[in-house]
1. Roughly how many Å² is the accessible area per residue of the chain, as a whole number, for a 1.4 Å probe?
2. For the chain, compute the orientation-averaged projected area of the C-alpha convex hull (one quarter of its surface), in nm².
3. 7 Å from Cα along Cα→Cβ at both VAL282 and ALA51: what's the point-to-point distance in nm?
4. State to the nearest 20 debye the size of the charge dipole of the stretch 145-296 about its Cα centre, where the only charges are +1 on K and R beta carbons and -1 on D and E beta carbons.
5. Highest mean first, how do 244-254, 190-200 rank when packing is the count of other Cβ atoms within 10 Å averaged over residues?
6. In the chain, which helices (entire DSSP H runs) extend 20 Å or more along their own long axis, judged by Cα positions, while averaging at least 0.0 on the Kyte-Doolittle scale?
7. Could you work out the local net charge near ALA82, counting Lys and Arg as +1, Asp and Glu as -1, over the other residues with Cβ closer than 12 Å to its Cβ?
8. Any idea which of HIS198, MET275, GLY165 is furthest toward the positive side of the dipole for the chain, if Lys and Arg beta-carbons carry +1 and Asp and Glu beta-carbons -1?
Amino acid sequence: MQLAIFVEKAVRHLYMNILMNKSFDTGLPFMKMHGLGNDFVVLDRRAHSAALSKNQIIAIADRHQGVGFDQLAVIESGPTDAHLVFFNADGSTSGACGNATRCIARYLMDETGKDSLELTTERGILLAQEAGDGLVSVNMGLPQLEWNEVPLAEEVDTLALPIDGAPTATGMGNPHCTFFVDNADAIDLETEGPKFEHHPLYPERTNVQFATLLGPDHIRMRVWERGVGVTMASGSSSCATAVAAARRGLTGRKVQIDLDGGTLWINWCDDGVWMAGGTAHVFNGTFSAAWLEAHR
């Protein structure tokens, strides 16, 4: 076991050295990761300074002619262990991405040997920790519960919005709209998701969740992500759903959430919303210079 860990770290170190010595002319290295099927292309700009255009981001997101992702995540140097920037599949920016944060935290913990990290995002400083049994835990920060923080277009009760189904609005660095329904699996996400993503009450669009209470502190949830579509999992959506359920008195503050891609454990504490789950570093690759130029 120790030998396997040593070999994995050595391979990661070698890969970082390759990145440091590559020029843009020879292509752009990337990593493919996922958290419960919520998948990401990750660029390490600490090692390679090249930036992507919106057209290139959209091209990379294409699952037939690119690589495909729910979010593109960029690692940059910063005042903490690293600074993270996120983009959606439509090229728009995303203020938060919990599962990508956990995946990158695992990568950085393996790289540095640390079992805790401080990462900065648009949300501010997020803490990440080794959670044991292959899990990584990230503090996604305190939820935003006021209408202007989410943000919403007008002052309304965020606990029960004036929308059919009375969903709950929550900000987790990005906006969320959570419906509690009898059977989340019966919801047609392709129809219902975009309808609410573009609701006029959400000026920046919104992520949409459909959640069903399975038992005490146990939720089944499915998600439509703004700028992406149906995803197998979403960390910030899971945090928002847990907060909404606790505020409505449906659960306590510590819950298990079952998503299409697996399970996350959410704990709404005084210092923020902690999320724990598994991660996977699937493969490393390189975008060719010619392909990037063609999609400039």
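The values are calculated or read from the model by the stated rules, or taken from the named source; none is laboratory data. Computed from a predicted model, the values in this text were never measured in an experiment. All Cβ positions, glycine included, derive from the backbone under ideal geometry; neighbour counts span all protein chains shown. Areas reflect the complete protein model, heavy atoms only, side chains present, ligands, DNA and RNA absent. Shrake-Rupley method; radii C 1.70, N 1.55, O 1.52, S 1.80 Å.
1. Details: 12610 Å² over 296 residues.
So the chain comes to 43 Å² accessible per residue, rounded to a whole number.
2. Details: hull surface 61.4 nm².
Result: a mean projected hull area of 15.3 nm².
3. A separation of 2.8 nm, rounded to one decimal place.
4. On the way: 10 positive and 20 negative charges, 67 e Å.
So the magnitude is around 320 debye.
5. Working: 244-254: 17.5, 190-200: 15.2.
Final packing ranking: 244-254, 190-200.
6. Details: long enough: 2-20 (27 Å, 0.82); 98-112 (21 Å, -0.42).
Those that clear 20 Å and a mean of 0.0 are 2-20.
7. Within the 12 Å Cβ shell, the charges total -2.
8. Of the listed residues, the answer is MET275.
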